[in-house]
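The values are calculated or read from the model by the stated rules, or taken from the named source; none is laboratory data. In this text the structure is predicted, and so the values were computed from the model without any measurement. A quick note on method: Cβ atoms are made from the backbone with ideal geometry, for glycine too, and the neighbour counts reach across all protein chains shown. For accessibility, only protein heavy atoms count, side chains too; no ligands or nucleic acids. Shrake-Rupley method; radii C 1.70, N 1.55, O 1.52, S 1.80 Å.
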Amino acid sequence: MAALLKSLLAASEKAANIAQLCRQEEALFSLLIEEKRGADKNKKFLQDFKTLADVLIQEVIKHDVGKEFPELQGYIRGEESNKFENGLGETVVVQVCPTQSETAALLQRVLDRNQMAAELLAAAIHQEMVLSDPALDNVTVTISTENMAVWIDPIDSTNQYIRGRGDVVPVDGIYPSGLRSALVLIGVYNRHSGEPVLGIINEPFFQEQLSEHRWQSRYHWGISYGDTNLSSLSRPIPQAPPRVVLSSSEKVALQKALVPLYGEQLCFASGAGYKMLCVALGFADAYVLSEGSTFKWDTCGPHAILRALGGGIADFAGAVNAWRAGQHDHLPELTYNKPEEGAVGADRWANHGGVIAYMYQEHLETVVKTLAAASDVV
């Protein structure tokens with residue numbers, strides 16, 4: 001597991017480089033947008049975009065990690081289809097080719113024969129990443145990867161990534177929108193139990209170097225398996241007063257139900273992954289979402305990190321209904337190995353019941369008890 005962690009972290013750093021490159025080159029970025037349609041469209045947004053950056057990042061992680069861990073090939077999945085339509089109407093299957101020149105030639109077809117853009121991306125894809133993180137040398141976890149699988153969200157909060165605002169000011173440490181909420185999320189889960197085991201959150205746009213007009217990335221990781229709980233983060237202390245982070249589109253009824261707990265401490269931010277990161281970093285005590293608008297690839301990585309720190313992610317509807325039925329222990333948590341029966345496309349992997357991400361069990365119970373008493377939230 002330690003070797004897999006290092007491999008995934010290196011892949012996440014390469015992913016961050018690609019995301020940064022695509023944003024820094026405006027002429028390049030204008031070529032990379034294609035609107036999602038049909039079953040792959042996230043119904044939460046009127047316009048849900050995928051970018052070539054999303055697809056490239058997903059395929060790079062699949063390629064690099066699958067090459068090092070052959071037993072995981074076929075079990076590394078992500079949000080995006082690797083089919084991309086260029087300006088000529090040609091459908092191109094995006095993949096990492098054996099050589100940099102072959103990858104560049106493939107990307108030229110996607111990028112309407114733009115040789116410079118294709119070569120820039122191919123160089124980033126084939127760059128060898130060397131991690132210089134002494135803390136990783138002390139991670140000696142021996143967990144078999146034989147029964148594991150991987151979820152990838154190549155760029156969570158794609159809409160914020162496309163808009164590209166880097167000048168958003170944080171409110172009590174939480175950025176309500178902007179590039180800071182665009183994250184690379186990688187989660188490893190047990191194929192049999194569905195439990196999250198290893199998680200990585202990479203922030204490609206953590207800090208801007210204004211003099212060079214470039215961004216620096218930062219990553220976080222966590223391992224939770226049996227009695228093993230390790231993380232690059234320390235468990236944050238509870239907020240005083242407690243604070244919750246929500247989507248700006250959250251139901252008014254749920255917001256009103258949470259006022260007795262949080263008062264004026266209702267915070268709003270973009271990106272499901274970013275809101276879960278806010279909980280892991282201690283900027284919020286919980287992230288509550290009543291809609292089924294997140295997916296397994298959104299939550300798997302952050303869930304593993306939260307578990308490693310003593311928290312978790314509960315199924316919103318499942319937990320509230322369980323509490324109403326008198327079950328106050330072992331509230332249902334999200335799992336990652338089974339699709340939703342009867343659903344099609346991306347909805348097969350949606351967290352249909354909503355989510356409650358938390359750091360402290362007692363805080364989860366207080367939230368669920370409060371919501372269970374409200375008749376109009378589930």
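All conditions in (1) under 26 Å from Val150 (Cβ atoms); (2) surrounded by fewer than 20 Cβ atoms within 10 Å (Cβ to Cβ); (3) at pLDDT 95 or above hold for Ala357, with the sole exception of (2).
Check whether at least one residue in region 201-220 is without any contact (Cβ under 8 Å) to a residue 60 or more places away in the chain, in contact with a helix residue (DSSP H, G or I) (Cβ under 7 Å, 6 or more places away or on another chain), open to solvent by 10 Å² or more (accessible area, probe 1.4 Å) and of a type outside the set (D, E, K, R), and report yes or no. Checked against the condition, which is being without any contact (Cβ under 8 Å) to a residue 60 or more places away in the chain, in contact with a helix residue (DSSP H, G or I) (Cβ under 7 Å, 6 or more places away or on another chain), open to solvent by 10 Å² or more (accessible area, probe 1.4 Å) and of a type outside the set (D, E, K, R), region 201-220 yields no hits at all.
Scan region 88-99 for residues that are within 29 Å of the chain's Cα centre (by Cα) and either open to solvent by less than 50 Å² (accessible area, probe 1.4 Å) or over 16 Å from Val60 (Cβ atoms) (or both) and jot them down. Once the filter is applied, which keeps residues that are within 29 Å of the chain's Cα centre (by Cα) and either open to solvent by less than 50 Å² (accessible area, probe 1.4 Å) or over 16 Å from Val60 (Cβ atoms) (or both), region 88-99 yields Thr91, Val92, Val94, Val96, Cys97.
For region 229-250, filtering for residues that are in contact with a helix residue (DSSP H, G or I) (Cβ under 8 Å, 6 or more places away or on another chain), open to solvent by less than 70 Å² (accessible area, probe 1.4 Å) and in a loop (DSSP other than H, G, I, E, B) leaves 6. Restricting attention to region 254-284, and to residues there that are among the polar types (S, T, N, Q) and touching a residue at least 12 places away in the same chain (Cβ under 8 Å), which single residue is most open to solvent (accessible area, probe 1.4 Å)? Among those residues, the one meeting the criterion is Gln265.
Restricting attention to region 34-83 and to residues that are within 24 Å of His352 (Cα to Cα) and at pLDDT 90 or above, the residue that is nearest to the chain's Cα centre (by Cα) turns out to be Gly78. Please specify each residue of region 335-354 satisfying the condition of being of a type in the set (Ser, Thr, Tyr) and open to solvent by 40 Å² or more (accessible area, probe 1.4 Å). Thr335, the sole residue that qualifies. When each of Ala280, Ala272, Ala240, Ala257 is tested for being over 11 Å from Ile174 (Cα atoms) and in contact with an Asp or Glu (Cβ under 6 Å, 6 or more places away or on another chain), the lone residue that passes is Ala272.
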